[in-house]
Each structure stands twice: as C-alpha cells, then as structure tokens.
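Q: Take this structure, written in structure tokens, and hold onto it; I'll ask about it next.
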C-alpha cells in the first residue's frame with residue numbers, strides 16, 4: 001500500500017511539471033507578441049500618433065494652388081484661350097498672416113490681342129485682446145502628446161499586471177488541485193484498507209462516514225480540476241500562450257519615485273487650467289474684439305494698354321463698432337487714378353459679464369481639479385509606500401516559511417532513516433514544501449505587480 005501511495009505522490013508532482021516551464025520574461029514578451037489584447041493597445045497608440053501628426057501639420061505652412069484653362073469662343077468658333085493660376089500661403093502660428101500670388105493670361109490665336117495680369121498680396125491681423133489661437137493649439141497639442149504617451153505606457157503596464165494576475169490565479173488553483181488530489185488519494189487509501197481488513201461493516205456509521213467523506217473528496221477534486229482548467233484557459237485567452245508553468249521569477253524592484261510637481265496626470269490637470277484660461281480669452285476676444293486688419297496688393301496688366309494697380313485695406317474692429325479704409329491707385333499710360341473708400345458700422349451689444357463669468361468658473365474648477373490631483377498624488381505615494389512595507393514583510397514571512405518547511409522535511413527524512421517516522425510523514429512534509437514554494441511564487445508575483453503600479457505612478 002505504501003508503495004502504491006508513493007507512486008500516486010510521484011504522479012501528482014509530475015503532473016505539475018510534465019512540460020518545461022517558461023521563464024517569466026518569456027511569458028511577458030510572448031504575450032505581447034501574440035496577444036490580441038496587446039495588439040489592440042499598439043493599434044490605439046498608432047492611431048493616436050496619427051492624430052498628433054495631423055494636429056502638428058496644422059502649424060506648418062499651408063499652401064493652396066489653383067489653376068484653370070478656358071477656351072474663348074466667338075460665335076461657336078474657338079478664337080483664343082484664357083489661363084489663370086494662383087497660390088496662397090498661410091504662415092504657421094495662428095493663421096493670421098497670408099500671402100497670395102496670381103497670374104492671369106489671355107491670348108488670341110490670330111495674334112490680335114494678348115494680355116498678362118500678374119498680382120501679389122499680403123495680409124495680417126493684429127489682435128489686441130491678448131488672445132492667440134496658436135497658444136491654445138500648442139496647449140492642446142501638448143495635452144494630446146502627454147496623454148497619448150501616458151495612456152500607451154499605462155496600458156502596457158496594466159496588460160503586464162493582467163498577465164501576472166492570471167499567472168498567480170493559475171498557480172493558486174494548481175496548488176489547490178494538488179491538495180484536493182492528496183486528500184482524495186488519502187481517502188481512497190483509507191477506504192481500501194477498510195475494505196481489505198473488513199474491520200467495519202458496510203452499514204456501520206464509521207464506514208458510511210468514510211464513504212461520504214470520499215464522495216466529498218471526489219467532488220472537491222473535480223471542482224478544483226475544473227477551476228484549474230478554467231484558469232489555464234483564461235491564461236491562454238489573455239496571452240495567446242499555453243500554460244506550462246512559470247520559473248525564473250525576477251526579484252521585484254520596488255523603487256518609489258516622487259516629484260514635487262507630481263506625475264503626468266498632475267501635469268495634464270495643469271494643462272487643463274491653461275486650456276480653460278485660453279477658452280476664457282477666446283470667448284472674451286469674441287465678445288469684446290479689438291483688432292487691426294492690414295492688407296496690401298499689387299496687380300498689373302501687361303497688354304496693348306498696360307496698367308498697374310496698388311490697393312490696400314485697413315480695418316479696425318472694436319467691441320461694438322468697426323471702421324474700414326480702402327485706398328487704391330491705378331496707373332496707366334495716360335493717367336493716375338487714386339481712390340479712397342471709408343466705411344463704418346456700429347451695433348449695440350448685450351452685456352458679456354454673465355457669459356464670461358461662466359468661463360471664469362471653468363478656470364476656477366480646473367484649478368481646483370489641479371489642486372486635488374496634487375493632493376491625490378501625495379496620498380497615493382503614501383499608500384504605495386505602505387504597500388511596499390507590507391509586501392516586504394509578507395515576502396520575508398514567505399521565505400522563512402519555506403525555509404522552515406525545508407528544515408522540517410530534512411528532519412522528517414532523518415527520522416525516517418532512523419525508523420522513527422513513516423514514509424507518509426515524509427510525503428506530507430514534501431507536499432508542505434511544495435505548498436510553501438507556491439506561496440513564495442505567488443508573493444513574488446504580487447511584488448512584480450506592485451512594481452508595475454510604481455511605474456504607472458511615476459508616469
């Protein structure tokens with residue numbers, strides 16, 4: 001019977017180590033290579049980078065080119081051709097400066113008439129409200145960049161945490177399965193002894209109790225096996241890998257880094273304050289405008305009767321009124337013709353105080369969120385510091401327990417060699433060592449998960 005029991009114990013241990021276990025780093029890297037979950041993280045990140053590149057492109061020089069060619073018809077017959085083209089440049093920044101150039105030409109096939117009309121112009125708006133759309137764009141771009149990088153790195157670390165959690169769950173159920181199998185085999189052995197020796201009748205309370213205990217042990221083993229198989233399936237679903245065990249767990253690096261200004265989350269709250277301030281400025285500028293628009297142009301016609309035209313526009317816009325002056329000078333071979341057009345407008349506008357007050361409240365709310373973020377950052381740092389201490393204490397306990405169980409095992413082996421212990425006692429001690437090893441792995445995995453929490457905190 002003892003020989004049979006030994007065979008069962010060996011089979012139990014072998015069941016957990018039938019395939020070579022993978023190293024922790026190989027599991028993490030392998031999961032990142034094949035896991036659909038992680039691939040989606042990379043896709044989301046790439047889409048965010050595309051959005052950022054598009055946003056950055058808005059701050060570059062904008063170029064627009066147009067062109068056309070039209071035939072000139074005379075009573076249905078083609079007699080010439082007209083061609084035109086123009087180029088528009090918008091300078092980077094707030095888009096308040098633009099330069100245009102154009103060329104229009106007409107020629108008749110019979111040579112009776114030809115003309116060429118080149119033109120160039122420039123314009124700029126001076127805003128006296130203190131608002132610049134380029135500042136708002138820069139803040140928005142910074143927000144997107146910081147948020148994208150933090151989201152990507154945080155998602156990666158959380159994915160690693162999920163893998164670690166799944167490994168820990170599998171190990172936990174693996175340990176439970178071993179205990180359930182050991183209990184079942186012990187109860188089977190007891191029933192076999194009772195049947196072989198015939199000490200108790202099948203109708204005796206002792207026999208019936210033992211049989212019921214065996215039934216419960218079988219049910220517990222079946223449940224433990226189901227949980228173990230489900231845990232392995234969940235591991236495969238998440239990582240895309242088959243579970244073969246884990247080894248070479250690295251020592252967690254629990255380095256708590258804190259910064260006076262907080263992490264990226266706090267920085268984003270600070271940028272939100274700046275963004276809300278720019279929103280306030282933009283709204284104030286729209287309700288209480290104060291700007292000066294200047295433009296100038298030069299165009300000419302080169303033909304049998306050439307001419308040159310200089311023009312410009314000056315426009316001042318105030319909160320309730322505007323004045324526009326448009327000077328123009330046309331010069332040809334015979335005369336010079338100057339002109340000046342002045343126009344203005346006035347409108348009664350309502351009070352803007354209530355509208356601006358709502359935007360001021362947005363700024364105050366953003367400032368409060370920033371202060372709260374700083375406070376939360378400090379509180380989280382304290383919480384993480386306490387978690388580190390608790391984990392270190394638990395890790396020391398797990399190591400000590402394992403060493404203690406190993407010492408008991410060696411003592412049990414010595415007692416067995418002296419005939420003072422049984423093989424069953426040795427096997428029990430071996431299982432306790434195996435259980436302590438599982439507990440140490442689980443605690444190490446807990447530390448590796450905490451390590452990622454520290455990295456997320458530092459982002």
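Q: Residue under question is residue 434, and the condition is that it be over 34 Å from the mean Cα position of the chain (by Cα) and in contact (Cβ under 8 Å) with a residue 12 or more places away in the chain; does it hold?
A: yes
Q: May I pose another question? Quick one: which of 312, 296 is without any contact (Cβ under 8 Å) to a residue 60 or more places away in the chain, closer than 20 Å to residue 101 by Cα, under 52 Å from the mean Cα position of the chain (by Cα) and surrounded by 12 or more Cβ atoms within 10 Å (Cβ to Cβ)?
A: Details: 296 fails: without any contact (Cβ under 8 Å) to a residue 60 or more places away in the chain.
Residue meeting the stated conditions: 312.
Q: For the stretch 202-259, give me the residue count where each residue is out of contact with any helix residue (DSSP H, G or I) (no Cβ under 9 Å at 6 or more places or on another chain) and outside any helix (DSSP H, G or I).
A: Of the residues in that region, 3 qualify.
Q: If you check residue 211 against the conditions, is it crowded, with 18+ Cβ neighbours inside 10 Å and more than 31 Å from the chain's Cα centre (by Cα)?
A: no
Q: Only one of (1) in contact with a strand residue (DSSP E or B) (Cβ under 7 Å, 6 or more places away or on another chain); (2) exposed (fewer than 13 other Cβ atoms within 10 Å of the Cβ) fails for residue 244. Which number is that?
A: Looking at each condition in turn, residue 244 falls short on (2).
Q: Which of the numbered conditions does residue 377 fail, given that it passes all the others? Conditions: (1) touching a helix residue (DSSP H, G or I) at 6+ places or on another chain (Cβ under 6 Å); (2) at pLDDT below 90.
A: (2)
Q: Could you say whether any residue in the stretch 388-397 is free of Cβ contacts under 8 Å to residues at least 12 places away in the same chain, within 30 Å of residue 155 (Cβ to Cβ) and out of contact with any strand residue (DSSP E or B) (no Cβ under 9 Å at 6 or more places or on another chain)? Working first, answer last.
A: Quick first cut of the stretch 388-397, residues free of Cβ contacts under 8 Å to residues at least 12 places away in the same chain only: 389-390, 393, 396-397.
From what's left, within 30 Å of residue 155 (Cβ to Cβ): 389-390.
Right, trim to out of contact with any strand residue (DSSP E or B) (no Cβ under 9 Å at 6 or more places or on another chain) and you get 389-390.
Yes.
Q: I would also like to ask the following. I'm trying to understand the selection: among the residues of the stretch 113-133, which are outside any strand (DSSP E or B), on the phi < 0 side of the Ramachandran plot and loosely packed, with under 15 Cβ neighbours inside 10 Å? Before the answer, list the steps.
A: Taking the stretch 113-133 first, the residues outside any strand (DSSP E or B) are 113, 128-133.
Narrowing the set further to residues that are on the phi < 0 side of the Ramachandran plot leaves 113, 128-129, 131-133.
Result: 113, 128.
Q: Which residues, counting only those in the stretch 339-365, are under 30 Å from residue 117 (Cβ atoms) and modelled with pLDDT under 85?
A: The initial filter retains those residues of the stretch 339-365 that are under 30 Å from residue 117 (Cβ atoms), namely 339-343.
Within the stretch 339-365, 339, 340 meet the criteria.
Q: Can you go through 288, 277 and tell me which one is closer than 30 Å to residue 258 by Cβ and touching a helix residue (DSSP H, G or I) at 6+ places or on another chain (Cβ under 9 Å)? If you could, list the steps in order and put the result at the bottom.
A: Numbers: 288 fails: closer than 30 Å to residue 258 by Cβ.
Testing whether each residue is closer than 30 Å to residue 258 by Cβ and touching a helix residue (DSSP H, G or I) at 6+ places or on another chain (Cβ under 9 Å) leaves just 277.
The values are calculated or read from the model by the stated rules, or taken from the named source; none is laboratory data. This structure is a prediction, so every number in the text was calculated from the model and none was measured. With ideal geometry, Cβ positions are generated from the backbone for all residues, glycine too; neighbour counts draw on all protein chains shown.
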